[in-house]
1. Can you pull out the residues in segment 73-110 that are among the aliphatic types (A, V, I, L, M), part of a loop (DSSP other than H, G, I, E, B) and modelled with pLDDT of 95 or more?
2. Among what's in segment 131-161 and is charged (D, E, K, R) and not in a helix (DSSP H, G or I), pick the residue that is surrounded by the fewest Cβ atoms within 10 Å (Cβ to Cβ).
3. Can you work out which of the residues in segment 65-92 that are hydroxyl-bearing (Ser, Thr, Tyr) and touching a helix residue (DSSP H, G or I) at 6+ places or on another chain (Cβ under 8 Å) is surrounded by the most Cβ atoms within 10 Å (Cβ to Cβ)?
4. With (1) open to solvent by 60 Å² or more (accessible area, probe 1.4 Å); (2) in contact with a Cys (Cβ under 7 Å, 6 or more places away or on another chain); (3) not basic (Lys, Arg) as the list, and Thr119 as the residue in question, which single condition is left unmet?
5. Within segment 141-152, can you find the residues that are over 14 Å from the mean Cα position of the chain (by Cα) and not β-branched (Val, Ile, Thr)?
6. Are any of the residues in segment 62-83 among the aliphatic types (A, V, I, L, M) and free of Cβ contacts under 8 Å to residues at least 12 places away in the same chain?
7. Can you name every residue in segment 96-155 that is at positive phi and touching a residue at least 60 places away in the same chain (Cβ under 8 Å)?
8. Given the conditions (1) crowded, with 18+ Cβ neighbours inside 10 Å; (2) at pLDDT below 95, and given that Leu30 satisfies all but one, which numbered condition is not satisfied?
Amino acid sequence: MSANSAEAPASVDVVLVKAGATKIRYAGELLHDDGTRLAVRAPWAGAGVRDFGFVRFEAGDVFTEYYWRDRWYSVKEVRTAAGALKGWYCDITRPAVLTGTELTVEDLDLDLWRSVDGTDVRRLDEDEFAESGLAERDPESAAAAVAALDELERLARGEHFEDLLT
């Protein structure tokens with residue numbers, strides 16, 4: 001289904017798994033699925049406010065989330081309830097899996113933030129990734145995760161980052 005489809009948008013449950021356990025589950029609206037990339041819109045699903053210092057996620061924020069079946073990351077466009085763009089929060093994940101109406105994504109700890117104007121690009125949680133032990137347990141997956149973070153950072157520092165989402 002594409003965002004331009006005349007069909008009513010489908011509802012999906014986004015399931016974020018971390019270290020084998022469900023970290024969070026929330027309902028979203030499937031906007032697009034071309035067989036490789038999926039787009040989902042959902043309200044901020046966290047409890048309360050999450051203040052990173054460089055951005056705050058809070059009640060009313062709307063996330064348009066982009067997932068790939070063939071890439072090791074997801075990109076979340078974050079907007080206020082009024083529609084003002086806050087920036088993009090990117091998770092390093094295993095490729096997304098859609099089964100029925102359940103979209104499952106395994107979080108691999110590494111994250112990246114890109115501000116609206118692209119002047120603030122931050123790699124996040126590299127310490128958590130190192131502590132996760134993935135490099136020892138599954139060196140191939142750890143290498144894919146680091147390569148995905150490197151690729152996302154390169155894209156985020158470029159002029160055409162948003163082309164990734166179209």
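1. If the condition is that a residue be among the aliphatic types (A, V, I, L, M), part of a loop (DSSP other than H, G, I, E, B) and modelled with pLDDT of 95 or more, then Ala82, Ala84, Ala96 are the ones that fit.
2. Keep residues of segment 131-161 that are charged (D, E, K, R), which gives 131, 136-138, 140, 150-151, 153-154, 157, 159.
Going one step further and asking which of them are not in a helix (DSSP H, G or I), we end up with 138, 157, 159.
Details: Asp138: 13, Arg157: 12, Glu159: 7.
Only one residue fits best here, namely Glu159.
3. Tyr73
4. (2)
5. Residues satisfying the conditions are Ser141, Ala142, Ala143, Ala144, Ala147, Asp150, Glu151.
6. Here is the first cut: in segment 62-83, the residues among the aliphatic types (A, V, I, L, M) are 62, 75, 78, 81-82.
Right, trim to free of Cβ contacts under 8 Å to residues at least 12 places away in the same chain and you get 82.
Looking for residues that are among the aliphatic types (A, V, I, L, M) and free of Cβ contacts under 8 Å to residues at least 12 places away in the same chain, one finds at least one in segment 62-83, hence yes.
7. Passing the criteria: only Asp109.
8. Tallying (1) crowded, with 18+ Cβ neighbours inside 10 Å; (2) at pLDDT below 95, Leu30 fails exactly one: (2).
The values are calculated or read from the model by the stated rules, or taken from the named source; none is laboratory data. Values in this document were obtained by computation on a predicted structure and should not be read as measured data. In this analysis, Cβ positions are derived from the backbone assuming ideal geometry, glycine residues included, and neighbour counts consider all displayed protein chains. These area figures cover heavy atoms from the full protein model, side chains too; ligands, DNA and RNA do not enter into them. Shrake-Rupley method; radii C 1.70, N 1.55, O 1.52, S 1.80 Å.
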